[in-house]
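Before any comments, here is the structure.
The values are calculated or read from the model by the stated rules, or taken from the named source; none is laboratory data. Treat the numbers as computed from the prediction; the structure is a model and nothing was measured. Cβ sites come from the backbone with ideal geometry, for glycine too, and all protein chains shown count toward neighbours.
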Amino acid sequence: MLKIVGLGPGSKDGIPSANLEALRNARRVILRTARHPSAEVLRGEGIAFETCDDLYESSQAFDELYTAIAERVISAGEGAVYGVPGHPLCGEESVRILLARCEAEVFPAPSFIEVTLAALRKPFSGALQVWNAHDPMAHWPDARANQMVYQVDSRQAANDAKLRLLQYFDAESRAYLVSDAGIATEKVLEIELSEVDKHEVGPMTTLYVEGLSLERPKGFYGLVDIVDRLLGPGGCPWDREQTHETLKRHAVEETYEVLAAIDSGDPDRLCEELAICFCRA
């Protein structure tokens with residue numbers, strides 16, 4: 001059975017003893033990348049390994065890359081151990097592919113989530129949304145929740161994450177760039193959200209933005225709140241009585257009002273009419 005081992009944040013004490021033992025006893029050790037401090041730890045322990053860094057150069061897209069990594073690991077056969085930074089089940093797409101294709105034993109280790117929170121020394125309560133800077137449109141930020149954005153490994157990734165967050169947070173919102181969390185070179189930079197892409201980032205950089213105290217957030221979650229209030233206890237009796245059949249006449253009326261708002265060229269009016277239209281739908 002394949003063994004998938006977490007290598008933690010990059011220090012020797014961040015790798016559990018069971019993980020090191022699995023690596024020492026492996027017939028073949030494959031690391032996703034040697035561009036991580038944990039690779040130096042393994043060298044210091046005398047553990048030989050090969051990496052998938054060459055696949056980063058030959059792959060045209062991340063989907064292609066992670067599939068190629070998974071195929072290489074599977075082809076290694078019985079007795080192989082696959083090592084990844086952090087926790088294997090946190091932000092590791094190649095591990096997701098492997099677990100869908102074969103049986104594997106997972107050896108956990110501290111993830112970027114725990115060490116980032118420890119570096120910030122800012123305990124949070126409530127919600128924490130964790131998402132990938134390389135796929136910002138796959139996530140709908142709720143500004144009431146703390147935001148943790150991983151894989152902020154380039155200025156482009158930082159810019160993409162920033163632009164997504166600026167749809168829900170003010171430009172002056174406090175943001176934190178946490179680099180090398182959990183190792184000796186750990187650094188926390190406190191800045192305004194608008195400045196995120198103006199600073200150096202790297203493969204071990206995570207962006208953190210604290211949630212806001214809002215009665216109603218911007219965007220999709222704000223719309224959901226409005227609908228919940230209208231249809232909930234103490235809400236609007238008229239809305240609760242409506243069915244799909246009763247809404248047909250109103251849907252036609254609201255559609256014409258949306259068209260009129262488009263013709264007016266007034267974006268605020270259009271937003272208002274669309275909100276009314278969706279709430280009634």
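Miscellaneous remarks
- The numbered conditions (1) modelled with pLDDT of 95 or more; (2) surrounded by 15 or more Cβ atoms within 10 Å (Cβ to Cβ); (3) basic (Lys, Arg) are all true for Arg155 except (2).
Let's see how each residue does on (1) closer than 26 Å to Val84 by Cβ; (2) in a helix (DSSP H, G or I); (3) free of Cβ contacts under 8 Å to residues at least 12 places away in the same chain:
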{"residue": "Met137", "(1), (2), (3)": "yes, yes, no"}
{"residue": "Asn159", "(1), (2), (3)": "no, yes, no"}
{"residue": "Ala181", "(1), (2), (3)": "yes, no, no"}
{"residue": "Glu190", "(1), (2), (3)": "no, no, no"}
{"residue": "Gly211", "(1), (2), (3)": "no, no, no"}
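- Among the residues of the range 68-85, the ones that are in a helix (DSSP H, G or I) and farther than 24 Å from Gly10 by Cα come to 4 in all.
- When restricted to residues that are closer than 18 Å to Ile69 by Cα, in contact with a helix residue (DSSP H, G or I) (Cβ under 8 Å, 6 or more places away or on another chain) and either among the aliphatic types (A, V, I, L, M) or not in a strand (DSSP E or B) (or both), the range 34-57 contains 6.
- Any hit, the range 121-128, residues being surrounded by 17 or more Cβ atoms within 10 Å (Cβ to Cβ) and within 25 Å of Ala181 (Cβ to Cβ): no
- The set of residues from the range 40-74 being under 26 Å from Asn25 (Cα atoms) and small (Gly, Ala, Ser) comprises Gly44, Gly46, Ala48, Ala68, Ala70.
- Looking only at residues in the range 1-33 that are of a type in the set (S, T, N, Q) and not in a loop (DSSP other than H, G, I, E, B), the one that is nearest to the chain's Cα centre (by Cα) is Asn19.
- Yes/no for Tyr66 being of a type in the set (Ser, Thr, Tyr), in contact with a helix residue (DSSP H, G or I) (Cβ under 7 Å, 6 or more places away or on another chain), more than 15 Å from Leu7 (Cβ to Cβ) and surrounded by fewer than 17 Cβ atoms within 10 Å (Cβ to Cβ): no
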